[in-house]
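One structure below.
Every number in this text was worked out from the coordinates using simple rules, so none of it is lab data. None of these values were measured; they are calculated from a predicted model. Here Cβ is always computed from backbone atoms with ideal geometry, including for glycine, and neighbour counts include all displayed protein chains.
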Amino acid sequence: MVPVEPGGGLMRIDLLTEPVAGLQEALAAVDAFDRALVGGLRRPGPAQAAGLAALADAVTGSPLADRVAEAAGKAAAGAAGEEHLTVLAAARTALLGAVHDALTDRIGEATGRPPAGDPAAGPAAVSPAGSGPAANLLAAARSWLADLVRAGWQGIDHESVAGAAPVVSALLPDPGLRRLAALLDGFAAELAASCPGAALDQVPLRRWADLWSRAVLLTQPGAVGAPSAAAPPAVVTGRLLPLGVDLHAHATAAQVQVHAVFEPADGGAPRLVRAGVSVPKPDTVVGAGVWQLIRPHLSLLAAAGEGLSMDLTAMPVTAEGDLLWDDAAARPGTGADPFATARVVLATALVAPTAPLDRHPARIAAPVLLEGYAVEQDGETLTLALAGHRITVDTDRIPTAGPLTPQAVAASSACIGLLRWDAGEFSVQPLAVETTVKRKTVALHAGAWAGGTADKTGLKGEKAALDAVQALRERAGKLLRK
């Protein structure tokens, strides 16, 4: 039992280290199905048939049971059509969704927060609903995905993977299809980098099966689309108190999410929300330079970097707690220390429900405050010890685009972080820590440079990014002139 904030109750760290009933069995069924995809479903053998049967057995007693049993039988006989593969993808997604729900329930027990979808949370916002993307484009994407899994991961080659390129090009112009296009593009790039599949020593089973099954479901009519005029997103008015900034940067894209507590102006219960943006980026822009690409699209970053709240007026929000950020609906407020927010409000903030297609253990990112711990280090592995229990620090997720470092975490006494689950256990991704420098308590934030900085390292990274972008623009201009 670890106190987390005055008046906020106790955080049960022990619950995060105890086994979750049924979780290992569900994951074993998913793993068995994933192994069946390695050799492909064109001519499945006995081992693959057993993996398909394991998936069907895992959903016995559910509404999916009959259809999954039929699809598994067809696939085991090498006669699965696209509709059968879709059912198998749905069953796999449902199992991982059940794992997600069990883990988030455990987090709710440990933190004492109201569960997702609690009626006390009030009316839910409306998520964007599909208006029916072009059926032929979805069919083309589904066909490529079906051919892919029939060949199996060991059967991929550059010719088969290249089949995604025209599909992605056709999907990209439609804003409602860009989510699927980005997924297919990234998936195809990973597969192309691993060709030929027959030469692979190791296959990322869970990851590729995750990407495949998610893409298959996104090709179903109505899975994605434009907002419905009949059901516009809900809007909220009140004060936004940032907790921390989570940055993900890859070779050609970057994404940032600001996790925050929203206090409604009408005096309603506070709730956990997020605001984010994704941008394309050149592979030469790294480190602190990434902020230059993201900053113009999200004014909230400046407030988070400066330790300010934001006053929102009629800001659109989805049922899942994602703010559809509009600068016209926000203005900077007064000072708001994230650690003060975490100590006073975080434990009682309502949690938004998770969208059906986002119910996956890899998507878990629950804001928490930890303090009063001892730091243990074994090589590069950091562990926080609290009340006789230990939780690993996910230092790999700490971005290089800010002053927060693993060394700062090792010297810290308090941490705002995101609870995540991977490799069979919970871990914490630090967003900010409190540490002592020259006998003074200092806070270091992963997003401290998001709105701009005078730090020498940050300025150096931003200048390098500016030079890289200018050089690319000059090259692009020359090519266009030619």
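Things to note:
- Counted residue by residue at 0.36 nm each, then reduced by the alpha carbon distance between them, the extension gain from Ala423 to His360 reaches 21.3 nm.
- Region 310-377-region 386-432 distance, computed between alpha-carbon centres (Å): 17
- Tensor-based shape of the chain (alpha-carbon gyration tensor, a/c under 1.5 rounded, otherwise prolate or oblate): prolate
- Nitroxide proxy distance, nm - points 7 Å out along Cα→Cβ at Glu109 and Asp201: 4.1
- If only the Cβ of Lys and Arg carry +1 and only the Cβ of Asp and Glu carry -1, the dipole of the chain around its Cα centre is close to 1160 debye.
- FRET efficiency, Ala454 to Gln220 (Cβ-Cβ, R0 45 Å, nearest 0.05): 0.35
- Most simply put, the chain has about 95% antiparallel DSSP beta bridges, counting only bridges with both residues inside it.
- Relative to the current alpha-carbon distance between Ser143 and Lys463, full extension at 0.36 nm per residue lengthens the span by 110.7 nm.
- Here the spin labels are modelled as points 7 Å beyond Cα on the Cα-Cβ line, and at Asp327 and Glu25 they lie 5.4 nm apart.
- Nearby aspartates and glutamates by direct alpha-carbon distance to Lys281 (threshold 14 angstrom, same-chain neighbours under 8 apart not counted): Glu462, Asp467
- P(r), alpha carbons of region 135-218 - 10 Å bins starting at zero, rounded %: 18, 56, 22, 3
- Cβ-defined net charge surrounding Ser413, 9 Å radius [Lys, Arg +1; Asp, Glu -1]: -2
- Only DSSP H runs of four or more residues enter the estimate; each adds -39500 (n - 2.57), and after division by the residues of the chain the mean residue ellipticity at 222 nm equals -11500 deg cm²/dmol.
- Label point distance in nm, Thr60-Gln407, each placed 7 Å from Cα along Cα→Cβ: 5.7
- The calculated FRET efficiency for the pair Asp101 and Thr383, based on their C-beta separation and a Förster distance of 22 Å, comes to about 0.20.
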